[in-house]
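The values are calculated or read from the model by the stated rules, or taken from the named source; none is laboratory data. As the structure is a prediction and not an experimental result, all values here were calculated from the model. Backbone-built Cβ (ideal geometry, glycine too); neighbour counts: all protein chains shown.
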Amino acid sequence: MALISWDVHLKTGQLASFAALLTTALVGSARLWSRRPEPARTAVPPPSPPPAPCLRAHVVPTHSTPADPAHTAAVTDLCTRVSEVASDLAKRYGNEE
């Protein structure tokens with residue numbers, strides 16, 4: 001080492017430092033470039049979720065009514081009114097999302 005002058009040592013050190021700095025800058029910019037989102041990916045909105053499935057009411061079949069006409073009329077009237085209320089509620093709350 002003593003046979004090589006200090007000027008050569010200095011120039012070699014400067015060249016090595018420059019190469020290390022250049023390599024660091026290139027690797028750092030390549031990492032930043034790869035992390036940057038592309039404009040085409042960010043401009044597209046995410047797909048909308050699928051629509052919610054329609055809710056179905058559990059329908060229980062009516063039991064056989066006795067032969068009493070007053071009782072049969074009352075049960076029929078009650079079933080009709082419950083059906084109307086269920087229909088009104090389905091219309092009112094079925095379209096809200």
- Yes or no: Thr23 at negative phi and either part of a helix (DSSP H, G or I) or modelled with pLDDT of 75 or more (or both)? yes
- Out of (1) surrounded by fewer than 10 Cβ atoms within 10 Å (Cβ to Cβ); (2) at pLDDT 85 or above; (3) not charged (D, E, K, R), the one Gly28 does not meet is (1)
- Item | From the options Pro61, Pro50, Pro66, residue that is part of a loop (DSSP other than H, G, I, E, B) and either touching a strand residue (DSSP E or B) at 6+ places or on another chain (Cβ under 8 Å) or at pLDDT 80 or above (or both) | Pro50
